[in-house]
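Scroll down for the structure; my scribbles are underneath it.
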Amino acid sequence: EQLDKPYEEVTEEEKNKNLRYQMMEVVLNDTNWYPSFGLALELDWLRNMHDWMISKKRYWGLALPIYECHDCGNFHVVGSQEELKERAVEGWEEFEGHTPHRPWIDAVKIACPSCGAPVSRILDVGNPWLDAGIVSFSTMGYRTDRDFWSKWFPADLISESFPGQFRNWFYSLIAMSTVMERRAPFKNIFAYATLVAEDGRAMHKSWGNAIWFDDAAEKMGVDVMRWMYIAAKPEQNMLFGYKYADEARRQFLIPLWNVYSFFVNYANVDGWQPEDGVWAGASNDLKSVDNTLDRWILARLQATIQEVTDRLENFETDKVCRVIERFFDDLSNWYVRRSRRRFWKSEADADKESAYLTLYTVLVTFARLLAPFIPFVTEVIYQNLVRSLDANAPESIHHTDWPKPLEALMDESLIETMGITRTLVTAGHAARASANLKVRQPLRRAIIYLPAQMTLGEEMVALVTDELNVKAIEFIDSADELIGHSLLPDNRKLGPRLGRYLREIREVFTEMDAEQTAALVQQIEGGESITLELESETVEIAPDEVVIQEKQPEGLAVVTEGGMTIAVDTHLTPELVSEGLAREVVRRIQNLRKEADFNLDDRIITTYETDETLAEVFVDWAEFISNETLSQELHDAPPEADATQGEDNIDGHHLRLSVRRVDV
């Protein structure tokens, strides 16, 4: 039977007479489908489903309760275990106490209701999906303990792969439950595609592209595997292999461990420890936090907790990963990077304490949020940051409560303002890159236009100033001050109509001043035609017959992003060049420190050998270089033989360096 009538038009009477309509009813009213298009797949199957072959020629399975009398040809279907016992004429004692499967069920014979002859059950068993479809009743005592069954029915969640299940298991569960109770057997259904090799082919041992679990667990790491599975879009086939595992490890797991290690290293150097119970992240423990970066990352953490919780409640695991990755980018590439100097301070102060307390709280809370996804890495983090310091804390991270967002730490306004700040910084870096200016090269100024609804306070302006490595920020009232325009006739469109005037039109556009050009641009962008007075004739030109080109002022690199416009001054004075070289020197010395495996707080002696220009930089910026690299002495001399040495080239200036630890 084909059901062409739209379900919305089906009457209650028609539903009561038709099992398919009843199944559609419970599917539509009682279940949530993830991804949502799974509902359409199931409804399509229900509309077009034909009769099944319900029997199978196999040994184990759902024993069909059909008894065929070979004497008179009568068929009888036994309706219950009680009826079977009542009709049994032999074999009941052998069957009693067992499940109704072979071989026990086949010991029972009944008297033929028609002729009285002893009759055996037919040997066929049911299609396995019949057995699978009744599990929500058979395994929870539907016939023997209805109260217990009602506590667990319907199931909160069912999950299986797309291929086949919409017409097999999902269908059989729905069919059985509709017949028995006219209710869906589950509240939520999460379905997903299949797993294939990295090249998109199915995995087969004979093809050599199959990966066994033990091998994957050993080579990839189980947390990497879990993150890959969780991050995969459920509606798409998952590409699985060592290349993608390496990407997951490199993009998330290793950076996470690096941030954790950064905190641990500096906390060990300073001997910093939290007070007992601080790991739980209660808002009263953070009352002393007033640094803007600290308040922002704590606010972002609360928003992330809320969004992750909401996504999980909707079974959107792949979207959970995106939320977590965005937060981690904020944590590692903005908060930690912007806060490094606060941990480098030689003396403890309130701001340094605030930084430690904030990063500790964020790391522990974030680990608890990540624990269901990457249980082993987070357990290591928890054992070190919590259990090693607080014997009263739960024994495992998996014994802690799921984090809840703390109202006192939420701050949507601060999150929005920091978002504007980061967008400006991204645009500013793009402007620098367009002019081929390294980030370490200081610039004289940046000029910013913000739409009326956007504002930045002094702290955010200071952040932008420092991030863009500029000496000053200037704000302007109109982006037109940064972006000029030039106009050109569109030869392809105007040629056929006004070909003989093209040269004259081009000259008129070229001779216009900025104000005249801006007025015409406004007309064109508003969809209006423009009129030009030529020497011989007045012509009207349609908006699509003119090409508008942006024209940046000389000495500025300009980028527009999110409605904001920022320009950086590209003119470099000798003083700015000298400072840029000093910053490059610092980076080279820091690299040598790492190569020498010095401790974070080790003082060093640095020697350098270079040309006259770079030597002057060492002299002029000696205090800056020394403070940044913990160089107790700077010597203009050949590299020391027993020191860690290195050679480099900085903007054409050859440099030889050596560093050694100061003897204590």
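Across all directions of projection, what mean area in square nanometres is found for the Cα convex hull of segment 542-664?
Directional mean of the projected Cα hull area for segment 542-664 stands at 11.9 nm².
Expressed in nm², what is the orientationally averaged projection area of the convex hull enclosing the Cα positions of the chain?
Hull-based average projected area comes out at 49.5 nm².
Could you do me a favour and compute the accessible area per residue for segment 238-381, 1.4 Å probe, result in Å²?
Result: 42 Å² of accessible area for each residue.
State to the nearest 20 debye the size of the charge dipole of the chain about its Cα centre, where the only charges are +1 on K and R beta carbons and -1 on D and E beta carbons.
Its charge dipole is roughly 2440 debye.
Mind checking which lysines have their C-alpha under 28 Å from LYS56, skipping anything on the same chain fewer than 8 residues away?
LYS85, LYS109
Roughly how tilted is helix 458-468, in degrees to the nearest 10 and between 0 and 90, from the longest Cα axis of the chain?
The answer is roughly 80 degrees.
Using θ = phi - 60° and the Karplus form 6.51 cos²θ - 1.76 cosθ + 1.60, what ³J(HN,Hα) does each residue of segment 195-204 get, whole Hz, x for Gly and Pro?
9, 10, 5, 4, 8, x, 8, 4, 7, 9
Against the longest alpha carbon principal axis of the chain, how many degrees, from 0 to 90 and to the nearest 10, is the axis of helix 502-511 turned?
Around 60 degrees separate the two axes.
Can you list residues whose amide H is under 5 Å from GLU90's amide H, if they're 5+ apart or on another chain and H is modeled 1.01 Å from N?
LYS109
To the nearest Å, what is the center-to-center distance of segment 379-395 and segment 89-105, using C-alpha atoms only?
55 Å
Shape verdict for segment 124-228, please, from the Cα gyration tensor: rounded (a/c under 1.5), prolate (a/b greater than b/c) or oblate.
Cα axes put segment 124-228 in the prolate bin.
Going toward the positive end of the dipole of the chain, with +1 on Lys and Arg Cβ and -1 on Asp and Glu Cβ, which of SER159, PHE598, VAL108 do you reach last?
Checked the options; the winner is VAL108.
Expressed as a rounded percentage, what relative contact order does the chain have, with Cα pairs under 8 Å and six or more residues apart?
8 percent
Specify the angular offset, from 0 to 90 degrees and rounded to the nearest 10, of the alpha carbon long axis of helix 350-370 from the longest principal axis of the alpha carbons in the chain.
So the helix axis and the longest Cα principal axis differ by about 30 degrees.
Could you pull out every one of the lysines with an alpha carbon less than 29 Å from that of LYS471, ignoring same-chain neighbours closer than 8 positions?
Within the straight-line limit of under 29 Å, LYS471 reaches these lysines: LYS345, LYS352, LYS438, LYS551.
Which shape class applies to segment 293-336: rounded if a/c is under 1.5, otherwise prolate when a/b exceeds b/c and oblate if not, where a ≥ b ≥ c are the square roots of the Cα gyration tensor eigenvalues? Intermediate results must be reported in sequence, preceding the final value.
Numbers: a/c = 5.52, a/b = 1.83, b/c = 3.01.
Oblate, since a/c reaches 1.5 and b/c is not below a/b.
Have a look at THR570, THR365, ASN74 and report the one farthest towards the positive end of the charge dipole of the chain, computed about the Cα centre with Cβ charges (Lys/Arg +1, Asp/Glu -1).
ASN74
How much FRET efficiency would the formula 1/(1 + (r/R0)^6) give for SER288 and GLN251, where r is the Cβ-Cβ distance and R0 is 41 Å, rounded to 0.05? All intermediate terms of the calculation are to be shown ahead of the outcome.
Working: r = 35 Å, r/R0 = 0.84.
Rounded to the nearest 0.05, the efficiency is 0.75.
Give the residue from MET512, THR304, ASN384 lying farthest towards the positive end of the charge dipole for the chain; charges sit on Cβ (+1 for Lys and Arg, -1 for Asp and Glu) and the dipole is referred to the Cα centre.
Going by the charge dipole, the pick is ASN384.
To the nearest 10 square angstrom, what accessible area does LEU634 show with a 1.4 Å probe?
Roughly 40 Å² of LEU634 is accessible to a 1.4 Å probe.
With no solvent and one equal point scatterer per Cα, compute the Debye intensity ratio I(q)/I(0) for segment 434-545 at 0.12 Å⁻¹ and report its log10, rounded to two decimals.
Debye curve over Cα of segment 434-545, log10 I(q)/I(0) at q = 0.12 Å⁻¹: -0.64.
To make sure I understand the rule: partners must be lysines, Cα under 29 Å from the Cα of LYS187, and not fewer than 8 residues away in the same chain. Which ones qualify?
Output for LYS187: LYS5, LYS15, LYS17, LYS151, LYS233, LYS319, LYS404.
Would you kindly find the accessible area of TYR244, with a 1.4 Å probe and non-protein molecules such as ligands, DNA and RNA excluded, rounding to the nearest 10 Å²?
Near enough 70 Å² of accessible area.
What does the net charge come to around PRO638 if you take all other residues with beta carbon closer than 14 Å to its beta carbon, with K and R at +1 and D and E at -1?
Numbers: positive: ARG656, ARG660; negative: GLU609, ASP636, GLU640, ASP642, GLU647.
Around PRO638, the surrounding residues sum to -3.
Got a sec? What order do ILE420, ILE530 fall in by accessible area at 1.4 Å, biggest, i.e. largest, first?
On the way: ILE420 20, ILE530 0 Å².
From most accessible down to least: ILE420, ILE530.
Roughly speaking, what % of Cα-Cα pairs in segment 265-376 are separated by over 16 Å, rounded to a whole number?
Value for segment 265-376: 61 percent of Cα pairs lie more than 16 Å apart.
Applying a 10 Å radius around every beta-carbon, put 511-517, 563-569 in order of their mean neighbour count, most first. Walk me through the intermediate numbers first.
Numbers: 511-517: 11.7, 563-569: 22.4.
Sorting 511-517, 563-569 by mean packing, highest first, produces 563-569, 511-517.
The values are calculated or read from the model by the stated rules, or taken from the named source; none is laboratory data. On a predicted model such as this, the values are computed, not experimentally measured, just so you know. As a convention, Cβ positions derive from the backbone with ideal geometry for all residues, glycine included, and neighbour counts pool all protein chains shown. What goes into the accessible areas is simple: the full protein's heavy atoms, side chains included, and nothing from ligands, DNA or RNA. Shrake-Rupley method; radii C 1.70, N 1.55, O 1.52, S 1.80 Å.
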